[in-house]
Amino acid sequence: MDWKSKRIEAILEQALVEDKATNDITTAITIDPGLRASATVLAKQDCIVSGLGAIPRFLEIFARLDKRNNGRYEVISHPEIFDGVRVKKGQPIAVIRHNARVILACERVILNLMQRMSGIATLTRQYADAIAGTGAKVLDTRKTIPGLRLLDKYAVRCGGGENHRLDLSDGILIKNNHISLGGGIEKVLKSAHEKRKPGQVIDIEVRTFDELRTALDHGAESLLIDNMTPADVKKAIAMIQERGVKIPTEASGNIVLENIRKYATTGVDYISVGALTHSAIAVDLSMRITAEIY
């Protein structure tokens, strides 16, 4: 993750602006402006860490927005703790040493972001572990919080998943509504073959065996097998193999932790799970802040 990219900076800056972090009236009237503090980010449950790189960026952006000289800062974490690592309940994740007012002003945005990202990473790891050894891989979807997609998808990678399309320009994926509005599978595939740019792979969604046959007959190069049972997905994979074609396959729809391994053992290459980003529960993190004594 490029934490210094303009897109990431815009997301983090908006979080600080939304919280009016530079106008923390409670902190301003209760905390000495010269007080320095040490803040420890703690895991209050077992989880996969994601978002550590956001901490120094929040502090840097705050300094730019605040324009006051709040002194030096440092963010310290154990060498063995980084994004994607599993930590235990009660384990310190990072230590921030900075002006106490700045730490208090940034506390909530830091925790909010890391809790969500670590929640996504933790849930993704559960799915990835559930299909370990099958050869199938877990994919995310575009079912992300508007504005937070880059962070959501990075958190998926931290949990051992892989990213599907980043956005609508990132590959051709013909879905049911395209097929319906475009005149059917044969017509939309013909149009896609004629109009695509070099190197673009044509992926198409199929929901029945008849749609699968039609898609194969008219040049599908990748297949999204949607809302089929594990048994039907296995049959679909066999149908593809009988044709003697080798194309990527993906299963999606109504896939949860309890049944994902059944899908993974069908021979499908990828399994997409919208829940990784739209239903992940934020993990419980806290920040313990103490004054530095000189």
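A short reminder: the numbers here are calculations on the coordinates, not readings from a lab. Owing to the predicted nature of the structure, the values given are computational and were not obtained by experimental measurement. In this analysis, Cβ positions are derived from the backbone assuming ideal geometry, glycine residues included, and neighbour counts consider all displayed protein chains.
Working from Cα pairs under 8 Å separated by at least six residues, relative contact order for the range 1-77 is 47 percent. Listed from fewest to most Cβ neighbours within 10 Å, the set Thr290, Thr214, Thr229 follows the order Thr290, Thr229, Thr214.
Per-residue ellipticity at 222 nm from helix content only, as computed over the chain with -39500 (n - 2.57) for each DSSP H run of at least four residues, stands at -12500 deg cm²/dmol. Applying a threshold of 32 Å to the alpha-carbon distances of Lys4/Lys190; Lys190/Lys246; Lys89/Lys137 flags Lys4/Lys190 as lying beyond it.
What shape does the chain have by the C-alpha gyration tensor, where a ≥ b ≥ c are the square roots of the eigenvalues, rounded means a/c under 1.5, and otherwise prolate means a/b greater than b/c and oblate the rest? Prolate, since a/c reaches 1.5 and a/b exceeds b/c. Comparing Cα centroids, the range 85-101 and the range 127-192 end up 34 angstrom apart.
Remark: the chain carries a charge dipole of roughly 340 debye about the Cα centre, counting +1 on each Lys and Arg Cβ and -1 on each Asp and Glu Cβ. Here each label is just a point 7 Å from Cα along the line to Cβ, and for Leu35 and Thr290 those points are 1.5 nm apart. Given a cut-off of under 8 Å on Cα pairs at least six residues apart, what relative contact order in percent is computed for the chain? Relative CO of the chain lands at 24 percent. Each of Ile11, Val245, Gln200 was placed along the dipole of the chain (beta-carbon charges, centred on the mean Cα), and the one lying farthest toward the positive end is Ile11.
Distance from the alpha carbon centroid of the range 65-84 to that of the range 249-283 works out to 36 angstrom.
The relative contact order of the range 45-149, computed from alpha carbon pairs under 8 Å that lie at least 6 residues apart in sequence, is 36 percent.
If you place +1 on the Cβ of every Lys and Arg, -1 on the Cβ of every Asp and Glu, and leave all else neutral, what size is the dipole of the range 1-127 about its Cα centre, to the nearest 20 Debye?
Numbers: 19 positive and 14 negative charges, 19 e Å.
Approximately 100 debye in magnitude.
Rank the residues His193, His164 as a footprinting-exposure proxy: fewest other Cβ atoms within 10 Å of their Cβ go first. Spell out each step's value before the answer.
On the way: His193 12, His164 20.
Going from sparsest to densest Cβ surroundings: His193, His164.
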